[in-house]
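First the structure, in the form of structure tokens, and then the observations on it.
Read-outs throughout are calculated quantities, based only on the coordinates presented, and are distinct from any laboratory measurement. Predicted model, so just to flag it, every value in this text is computed and none were measured. Neighbour counts are summed over all protein chains in view; Cβ atoms, including those assigned to glycine, are modelled from backbone coordinates with ideal geometry.
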């Protein structure tokens with residue numbers, strides 16, 4: 001059985017099912033494993049170094065490294081040009097359509113006017129559109145394909161730019177669209193990549209049957225062009241390599257963010273003589289003004305920058321506005337404790353979880369079939385969802401530990417509770433329970449370890465997702481002149497000890513914190 005890791009978006013599942021279908025055709029059994037967040041699917045949150053490029057983590061990569069899946073399926077254009085240590089590109093499927101399209105709100109008569117409003121969250125698409133239509137206005141557009149199509153319907157825009165392959169694959173391509181064949185796509189746009197562990201030779205041999213050599217050749221050149229040119233700075237870069245009649249045609253381009261400047265490279269070579277074409281093209285552009293342009297882009301990026309004290313998923317990062325730079329790293333790490341079987345030997349009347357980490361740590365020690373809980377109480381909708389997926393029905397949940405404690409003593413009037421927690425648990429719940437003479441058994445399932453890092457003082461905001469994150473940050477940093485963006489009141493109360501300005505998200509979710517950042521810097 002080959003376990004295929006994927007996100008659960010419609011497009012990601014299409015890609016994963018395509019890989020599964022091809023493997024099934026070869027005679028291999030497969031299982032689709034949906035992985036959307038570290039807390040939901042992966043026990044630990046390790047950090048993986050990418051040589052000199054800094055820290056990179058990604059949910060599917062972590063799942064691979066923790067043996068949760070055998071292969072991970074990605075849209076290749078979204079994959080960093082340098083993979084985490086131990087993970088390799090196992091196959092690239094035959095490429096789909098690489099073009100971008102403009103989905104129209106009504107029709108294309110707006111081109112007759114001098115102005116128009118076009119939506120896109122892509123720097124590359126924005127720059128190329130403004131280069132061609134300098135009088136038009138670009139508005140930011142984020143979210144998955146379905147969300148972006150809905151926003152186009154809800155807003156008074158003339159159109160929005162999408163990848164043609166994505167819309168076709170999930171059968172959402174409307175009738176009123178224009179193919180933008182003049183727009184140079186993102187490197188590897190339209191290609192699906194399969195990643196695996198470098199040490200898993202059996203899987204790597206199987207994946208060779210999925211690999212499309214022409215596509216692999218083309219996207220390798222495009223991604224090398226991106227890697228050399230970008231140098232860690234997000235920039236409006238387009239690249240396309242195609243093969244026809246044993247010849248490879250390559251075109252690469254770098255724009256200024258406002259679309260006023262463009263530097264491009266084009267070359268056709270025999271397909272058996274491509275060698276270092278991507279690197280050559282990037283250096284050609286850098287030597288002809290590209291280096292200065294990249295320095296300018298990097299300066300723009302630093303005008304508004306924020307720092308997240310945990311590594312965010314690709315979907316979470318997509319929430320942040322295009323004009324805001326985002327850096328991140330994990331300031332805390334979770335380590336599971338080894339629990340004795342006696343902990344769950346008997347039926348437990350009332351159990352409490354206040355975090356997903358406690359749930360995952362417990363399941364790391366025991367199979368769910370060994371857990372006999374009569375009533376399960378928890379804090380948070382995501383914790384509830386995880387419990388009901390892996391253990392059983394939740395009797396009641398609340399948004400905070402304090403609210404849950406008050407519910408237990410006033411509504412349920414419990415006599416005894418087993419609290420599965422970590423070493424950094426807050427005192428609200430235990431204090432309230434003890435005040436009402438509830439017999440409390442605390443089982444420390446995991447340890448939260450501080451992993452502080454010194455960061456530069458160039459950031460206008462620091463994003464915190466737990467009081468412990470604030471504690472870890474303060475250990476190495478004295479910069480508190482920026483704004484602390486916090487996931488909830490408990491985290492905010494900790495941040496207020498050090499920061500003069502604290503903003504609290506409307507909802508206790510990572511996405512809500514990011515939306516608060518967007519709103520603040522609007």
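Can you grab the distance from the C-alpha centre of the stretch 135-204 to the C-alpha centre of the stretch 338-388, Å, no decimals? A separation of 40 Å, based on Cα centres. Taking a ≥ b ≥ c as the square roots of the eigenvalues of the Cα gyration tensor, an a/c ratio of 1.5 or more together with a/b no larger than b/c marks the stretch 179-328 as oblate.
If the segment from residue 322 to residue 435 were pulled out straight at 0.36 nm per residue, it would be longer than the present Cα-Cα gap by 35.7 nm.
Using only Cα atoms, tell me the angle between helix 213-230 and the longest principal axis of the chain; keep it within 0 to 90° and round to the nearest 10. So the helix axis and the longest Cα principal axis differ by about 80 degrees.
With one equal scatterer per alpha carbon and no solvent term, the Debye-computed log10 I(q)/I(0) for the stretch 334-450 at 0.09, 0.10, 0.11, 0.22 1/Å reads -0.20, -0.25, -0.31, -1.37. Plainly put, the stretch 66-122 has a radius of gyration that is 1.20 times its Kirkwood radius, both from alpha-carbon atoms, as the Rg/Rh ratio. Mind pulling up the Rg/Rh value for the stretch 460-522? Radius of gyration and Kirkwood radius, both on Cα. Ratio of gyration radius to Kirkwood radius: 0.93.
Projected over every direction and averaged, the convex hull enclosing the alpha-carbon atoms of the stretch 110-254 yields 11.5 nm².
When both bridge partners sit in the stretch 100-180, DSSP labels roughly 65% of those beta bridges antiparallel.
Place a label point 7 angstrom from the Cα of residue 403 along the Cα-to-Cβ direction, then list the residues of the stretch 483-522 whose backbone nitrogen is under 15 Å away. In the stretch 483-522, the label zone of residue 403 (backbone N under 15 Å from the point 7 Å along Cα→Cβ) covers 488-491, 505-509.
Considering the stretch 100-180, its Cα convex hull presents a mean projected area of 4.8 nm².
With one equal scatterer per alpha carbon and no solvent term, the Debye-computed log10 I(q)/I(0) for the stretch 205-278 at 0.12, 0.19 1/Å reads -0.38, -0.81. Assuming a ≥ b ≥ c are the square roots of the Cα gyration tensor eigenvalues, decide whether the chain counts as rounded (a/c under 1.5), prolate (otherwise, with a/b larger than b/c) or oblate. It is prolate, given that a/c is not under 1.5 and a/b is the larger ratio. Placing pseudo-labels 7 Å out from each Cα toward the beta carbon at residue 78 and residue 520 gives an inter-label distance of 2.7 nm.
Mean sequence separation of contacting Cα pairs (under 8 Å, at least six apart), scaled by the length of the stretch 100-180, corresponds to a relative contact order of 51 percent. What separates the Cα centres of the stretch 67-115 and the stretch 207-247 is a distance of 12 Å. Take every DSSP beta bridge whose two residues both sit in the chain; close to 50 percent of them are antiparallel.
Oblate is the label for the stretch 326-383, because the ratio a/c of its alpha-carbon gyration tensor axes (a ≥ b ≥ c) is 1.5 or higher and a/b is not greater than b/c.
Mean residue ellipticity at 222 nm from the helices of the chain, using -39,500 (n - 2.57) per DSSP H segment of n ≥ 4 over the full residue count, to the nearest 500 deg cm²/dmol? -9000 deg cm²/dmol, from helical runs alone.
Across the stretch 213-301, Cα pairs under 8 Å and at least six residues apart give a relative contact order of 29 percent. Its relative contact order, with pairs defined as Cα atoms under 8 Å and 6+ residues apart, puts the chain at 12 percent.
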